[in-house]
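Below: one structure, written as structure tokens.
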Amino acid sequence: MKKRILAYGRLNDEQLAQLGQDVEVQTFPGLASADDPAFRAALPHAHGLIGAGLAITPELLDAAPRLEAIATISVGYDNYPVEALTRRGILLCNTPDVLTETTADTGFLLIMAAARRALELADLVKRGDWNAGIGPEHFGSDVHGKTLGLIGFGRIGAAVARRGALGFGMRVLYSNASPKPELERELGAERREMDRLLAESDFVCVTVPLTPETEHLIGEREFALMKPSAIFVNIARGKVVNEAALIEALEMGRIRAAGLDVFEQEPLSPESPLPHMTNVVALPHIGSATHETRTAMAQRAVDNLILALKGERPIDLVNDVALRGG
Ligand code: 8YV
């Protein structure tokens, strides 16, 4: 008998057909919550899950005693209880690599848009307020030749740095748990303690994963260390930043602007002042959201899940201890 999987992520017909060769697929298009009654009813029979954005809790795992593998269509896995999965011998697979360049593009989009005040000035045109040549009150700041500080220097951080160093002649600083000598050679990047990076950078871009150690890594103290002209960009996770402290830093002019793709609460609450601030570019978590990249991520997740359910090593395994039986 074929194993059964529950697919709640966006998969195309070919991907569903590929899965269908090996497993029985039950789809839950647009599933918004794990409490959906049909999803709950299917969980006890599921060997695999594939999707993104659903908070998987140990309580949900209790309702899925046959579960062998989860393929998340995301690189981040902060909404998965990794230890609980490992204890139960459930493999967790993510989708690194295929979204690196697209997410770095989003980082640069935010750097450029915030520095050149693109949204604010496009709005001015839209309102019909472009009456004369743009003067200093609307000037932005240069990106090229400035100092770009990366907090986190993994795949995505390095891809943002590459754009800055090679495309825009920027000086690159990074703070990361381990040194990256190859990237230092390739990009002339220099490693700094985070405090020094914050003080020296014109653009501070956060690319660390959300973990208990990085939650609220950037708060009041860190914003105070930045230059008043600094532009802060977050393409990682909202909870890495104390959003109240960010709002205050922007309101008090402790930093000049922010480009944000992620927020402490998503979707962003309508009460949040952030999207209404002229010095904020706020995007609805579009880091990897292109046709090409989302298709590639879904494909990677499909390939991972099929391998995992066949008892083979998936391409991307977050908790490989589970494969060895704990
Ligand atoms: C995901 C992301 O696509 O991969 C990640 O970790 O942040 C996004 O690119 C998104 O989380 C899916 O819901």
* Structure fact -> In the set ARG163, ARG117, the lone residue that is farther than 25 Å from PRO275 by Cα and under 25 Å from the mean Cα position of the chain (by Cα) is ARG163
* Taking region 283-295, which residues are part of a helix (DSSP H, G or I) and of a type in the set (Ser, Thr, Tyr)? -> THR293, THR295
* Taking only pairs six or more apart or across chains, which ones have beta-carbon atoms under 6 Å, a first residue in region 280-300 that is within 9 Å of THR95 (Cβ to Cβ) and in contact (Cβ under 8 Å) with a residue 12 or more places away in the chain, and a second residue that is away from the ligand (no atom under 11 Å from the Cβ) and of a type in the set (Val, Ile, Thr)? -> none
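Among ALA7, ALA34, ALA52, which is surrounded by 15 or more Cβ atoms within 10 Å (Cβ to Cβ) and free of Cβ contacts under 8 Å to residues at least 40 places away in the same chain?
Working: ALA7 fails: free of Cβ contacts under 8 Å to residues at least 40 places away in the same chain; ALA52 fails: free of Cβ contacts under 8 Å to residues at least 40 places away in the same chain.
Unique residue meeting the criteria: ALA34.
Conditions (1) part of a helix (DSSP H, G or I); (2) on the phi > 0 side of the Ramachandran plot; (3) out of contact with any Ser or Thr (no Cβ under 7 Å at 6 or more places or on another chain), marked per residue:
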| position | (1), (2), (3) |
| --- | --- |
| ARG254 | no, no, yes |
| SER272 | no, no, yes |
| VAL281 | no, no, yes |
| MET297 | yes, no, no |
| ALA308 | yes, no, yes |
* Asked: Within region 102-116, is even one residue away from the ligand (no atom under 16 Å from the Cβ), part of a loop (DSSP other than H, G, I, E, B) and either touching a residue at least 60 places away in the same chain (Cβ under 8 Å) or more than 28 Å from GLU193 (Cα to Cα) (or both)?
  -> yes
* Structure fact -> ALA199: passes all of (1) in contact with a Leu (Cβ under 9 Å, 6 or more places away or on another chain); (2) farther than 19 Å from ALA258 by Cα; (3) assigned to a helix (DSSP H, G or I) but (2)
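Here, each number is a calculation from the coordinates, and none is a lab measurement. Bear in mind that the values here come from a model prediction, so they are computed numbers and not experimental data. Every residue, glycine among them, receives a Cβ derived from its backbone with ideal geometry; neighbour counts consider all protein chains shown.
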